[in-house]
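A.B. asks: One structure coming up, written as structure tokens, with questions to follow.
The values are calculated or read from the model by the stated rules, or taken from the named source; none is laboratory data. The shown structure was predicted, so the numbers you read here are calculated from the model rather than taken from an experiment. For neighbour counting, all protein chains shown are included, and Cβ atoms are generated from backbone atoms with ideal geometry for every residue, glycine included.
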Amino acid sequence: MSAELRDSVDKALRDRVDKALHDFLQRATAPLAQISPDLEPFGAVTEAFVLDGGKRLRPAFCVWGHRAAGGADSDEIVRAAASLELLQACALVHDDVIDASDTRRGAPAVHRRFAATHRAQGWRGDPEAFGAAAAILLGDLALIWADTMLAESGMQPAALQRAFATWDAMRIEVMCGQYLDVVEQARGGGSVERALRVARYKSAKYTVERPLHLGAVLAGADDELLTVLSDYGLPLGEAFQLRDDVLGVYGDPAETGKPAGDDLREGKRTVLVAFAIESANDAQQDTMRRLLGDPALDDDGVTILRDVIAATGAVDRVERLIDERLDQAQTALQSPLIAPPAVDALRALADAATRRAH
């Protein structure tokens, strides 16, 4: 498959996922107005957040997991895969509330949008508390709609019944991973092993492995193929998150959609930070203790922290881990159990997920 053809297939799949989401949300949000006109902004923000941006990686892994198991391309599998974007919306909206993030995808985070509405209307009470409450509820609604979209995807009932165990495991794992992240923040981090565990459950399994499993199980995959897909998906998911960790500190805001240094202001206890803490000398440790997690950190402070983290060798160590995990994933694709049409696509997805420059 040529690079040009691969790119066109990727865009075609994104377009199909976007259309499936648009059509579903048109139906799902319509009844809100019947409950109360006050819910119109609620539905509008949901649609805008879900449809505006996003890599659509999870649906892509789901579709190609289906193809890897010998499943046919169809609108039904695309709709089932697209439901993952609603689950992702729930996770991102709640994550932004937990982290008190100002932006997402280059726009105000959902809780900030609702806080702005509160201020514009001159309502009583605290705008920020209102924004957080509204965002939590919107995330809950997206979670419900994810279930509905999967159930109404048009996949055969027997296939859906097989998939529910994977669907439930994925949701449990991402919520547990989120909690482990909160615990790690409260502890102050420092352990590479614990940071890797957070990355595995908050992101890796949920971004790659479980979407692959979901698609494959919908096609009737057996445990042997699911193991092969785990051999590919779990290391790749970890590499994807490790790349995000690096971009969260060194990425271009115009591309990442978040202000430069936001992860440093939030004090995220990533594998990158854990490596830095582990290798830092006394002076570097002191600098990190003073600046990491300071919400008022200015650009100069961001630069100082970036330089310290790089000087500890942490960036190089993370890059080596990314390469190791990517090699493991690519090796798994040599399995004869993976249906040939999926191999090239999964190889291209692995490269796209780990070689991002911003």
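A.B. asks: Pick from region 333-349 the residues that are in contact with a Leu (Cβ under 8 Å, 6 or more places away or on another chain) and assigned to a helix (DSSP H, G or I): which of them is farthest from A204 (Cα to Cα)?
C.D. replies: Restricting to residues being in contact with a Leu (Cβ under 8 Å, 6 or more places away or on another chain) and assigned to a helix (DSSP H, G or I), the top hit is V343.
A.B. asks: Let me ask something else about it. So A204 fits all but one of (1) among the small types (G, A, S); (2) in contact (Cβ under 8 Å) with a residue 40 or more places away in the chain; (3) crowded, with 21+ Cβ neighbours inside 10 Å; what number is the exception?
C.D. replies: Only one criterion in (1) among the small types (G, A, S); (2) in contact (Cβ under 8 Å) with a residue 40 or more places away in the chain; (3) crowded, with 21+ Cβ neighbours inside 10 Å is unmet by A204, namely (2).
A.B. asks: What single numbered condition from (1) among the small types (G, A, S); (2) outside any helix (DSSP H, G or I); (3) within 19 Å of the chain's Cα centre (by Cα) fails to hold for G233?
C.D. replies: (2)
A.B. asks: If you don't mind, there's one more thing I want to ask. Within region 69-91, which residues are free of Cβ contacts under 8 Å to residues at least 40 places away in the same chain and under 11 Å from the mean Cα position of the chain (by Cα)?
C.D. replies: Selection gives Q88 alone.
Residues are listed down the side, and each one gets a yes or a no for (1) within 29 Å of P259 (Cα to Cα); (2) touching a residue at least 24 places away in the same chain (Cβ under 8 Å):
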| position | (1), (2) |
| --- | --- |
| F24 | no, yes |
| P31 | no, no |
| P59 | yes, yes |
| R67 | no, yes |
| I98 | yes, yes |
| R104 | yes, yes |
| T117 | yes, yes |
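A.B. asks: Moving on to the next point. From the list D316, D327, D323, exactly one residue is in contact with a helix residue (DSSP H, G or I) (Cβ under 9 Å, 6 or more places away or on another chain), closer than 27 Å to D223 by Cα, surrounded by fewer than 16 Cβ atoms within 10 Å (Cβ to Cβ) and among the acidic types (D, E). Which is it?
C.D. replies: After ruling out the rest, the residue left standing is D327.
Yes/no per residue for (1) part of a helix (DSSP H, G or I); (2) within 23 Å of L346 (Cα to Cα):
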| site | (1), (2) |
| --- | --- |
| C176 | yes, no |
| D181 | yes, no |
| G189 | no, no |
| A195 | yes, no |
| A199 | yes, yes |
| K202 | yes, yes |
| E209 | yes, yes |
| H213 | yes, yes |
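A.B. asks: Let me confirm something: among L212, L196, L234, which residue is closer than 22 Å to A82 by Cα, in contact (Cβ under 8 Å) with a residue 24 or more places away in the chain and surrounded by fewer than 24 Cβ atoms within 10 Å (Cβ to Cβ)?
C.D. replies: Residue meeting the stated conditions: L234.
A.B. asks: Does A332 fit the bill of being among the aliphatic types (A, V, I, L, M) and surrounded by fewer than 16 Cβ atoms within 10 Å (Cβ to Cβ)?
C.D. replies: In short, no.
A.B. asks: Tell me the residue from W167, W123, W145 that is more than 16 Å from G54 (Cβ to Cβ), among the hydrophobic types (A, V, I, L, M, F, W, C) and either surrounded by 20 or more Cβ atoms within 10 Å (Cβ to Cβ) or out of contact with any helix residue (DSSP H, G or I) (no Cβ under 8 Å at 6 or more places or on another chain) (or both), please.
C.D. replies: That would be W167, the only listed residue that is more than 16 Å from G54 (Cβ to Cβ), among the hydrophobic types (A, V, I, L, M, F, W, C) and either surrounded by 20 or more Cβ atoms within 10 Å (Cβ to Cβ) or out of contact with any helix residue (DSSP H, G or I) (no Cβ under 8 Å at 6 or more places or on another chain) (or both).
A.B. asks: Any idea which of S101, S83 is crowded, with 18+ Cβ neighbours inside 10 Å and not in a helix (DSSP H, G or I)?
C.D. replies: None of the other options fit; the residue is S101.
A.B. asks: Kindly evaluate D327 against the criterion of being within 26 Å of W64 (Cβ to Cβ), within 21 Å of the chain's Cα centre (by Cα) and at pLDDT 95 or above.
C.D. replies: Judged against the criteria, D327 is not a match.
A.B. asks: Determine which member of the set A44, A91 is part of a helix (DSSP H, G or I), hydrophobic (A, V, I, L, M, F, W, C) and farther than 24 Å from Y179 by Cα.
C.D. replies: When all the criteria are applied, what remains is A44.
A.B. asks: Being under 25 Å from K202 (Cα atoms), in contact with a Phe, Trp or Tyr (Cβ under 7 Å, 6 or more places away or on another chain), free of Cβ contacts under 8 Å to residues at least 60 places away in the same chain and not aromatic (F, W, Y) narrows it down to one of A276, A314, so name that one.
C.D. replies: That would be A314, the only listed residue that is under 25 Å from K202 (Cα atoms), in contact with a Phe, Trp or Tyr (Cβ under 7 Å, 6 or more places away or on another chain), free of Cβ contacts under 8 Å to residues at least 60 places away in the same chain and not aromatic (F, W, Y).
A.B. asks: Now a separate question. Residues that are touching a Ser or Thr at 6+ places or on another chain (Cβ under 6 Å), free of Cβ contacts under 8 Å to residues at least 60 places away in the same chain and within 29 Å of S101 (Cα to Cα): does region 321-329 have at least one?
C.D. replies: no
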